[in-house]
1. Answer yes or no: is there a residue in the range 42-56 that is touching a residue at least 40 places away in the same chain (Cβ under 8 Å), of a type in the set (A, V, I, L, M, F, W, C) and in a loop (DSSP other than H, G, I, E, B).
2. So which residues in the range 46-66 are exposed (fewer than 12 other Cβ atoms within 10 Å of the Cβ) and of a type in the set (A, V, I, L, M, F, W, C)?
3. I need the full set of residues from the range 22-43 which are within 14 Å of I10 (Cα to Cα) and aliphatic (A, V, I, L, M), in order please.
Amino acid sequence: MEQQVQLGDIVRMKKPHPCGSSEWEVLRVGMDFRLKCQGCGHLVMLPRPKFERMVRGIVRHAAPQS
């Protein structure tokens, strides 16, 4: 994935979470990604290679901080 994912972005993943939501908020970026499900609030950590395989695209970018 060539898009730059930043903190606060909402991303769509390949498979939906068991709650039914496919959208996740990015809480941490680095070697691991910390994601929060937008449906139920569940938190998960994914290694970078798995995240890059699973992500479909950015739904909404984070609001720029001033």
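Bear in mind these aren't lab numbers, they're just calculated from the coordinates by the rules spelled out. These figures come from a predicted structure and were not determined experimentally. Cβ placement follows ideal geometry from the backbone for every residue including glycine, while neighbour counts extend to all protein chains displayed.
1. No: the range 42-56 contains no residue that is touching a residue at least 40 places away in the same chain (Cβ under 8 Å), of a type in the set (A, V, I, L, M, F, W, C) and in a loop (DSSP other than H, G, I, E, B).
2. Result: A63, single match.
3. The answer is V26, L27, V29, L35, L43.
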